[in-house]
Amino acid sequence: HYAFLGKLRREHPCLKDGSFEFIHRDESSVIYRRKKNKDTLTVAVNIGENEKTVKRIKIPPKSYVIK
């Protein structure tokens, strides 16, 4: 898992020093976007017990999605 996250950071400059924008947040989920020039990643995290669909992103329970 940590190797995967390290690889993402190396491949995406936006994770090092890009802008940060909250897209959604509530009691069990958060979606944010990191951007730098043309490099953009959206991260959606769900700590709840049930799957959630927020802003057309389907997030499994106790999981995250990176787009």
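The values are calculated or read from the model by the stated rules, or taken from the named source; none is laboratory data. Fair warning: this is a prediction, and the values are worked out from it, not measured in the lab. Note that each Cβ is placed from the backbone with ideal geometry, even for glycine, and that neighbours are counted across all protein chains shown. Remember, those area values only see protein heavy atoms, side chains included, never the ligands or the DNA or RNA. Shrake-Rupley method; radii C 1.70, N 1.55, O 1.52, S 1.80 Å.
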Could you name every one of the strands (runs of 3 or more DSSP E) located completely within the chain that has at least 3 residues being of a type outside the set (D, E, K, R)?
-> 19-25, 29-36, 39-46, 63-66
Could you list all residues from region 31-67 that are in contact with a Pro (Cβ under 7 Å, 6 or more places away or on another chain) and open to solvent by 40 Å² or more (accessible area, probe 1.4 Å)?
-> Lys36, Glu49, Asn50, Glu51
Residue count for region 1-15, restricted to those that are surrounded by 10 or more Cβ atoms within 10 Å (Cβ to Cβ) and either touching a strand residue (DSSP E or B) at 6+ places or on another chain (Cβ under 8 Å) or among the hydroxyl-bearing types (Ser, Thr, Tyr) (or both) | 5
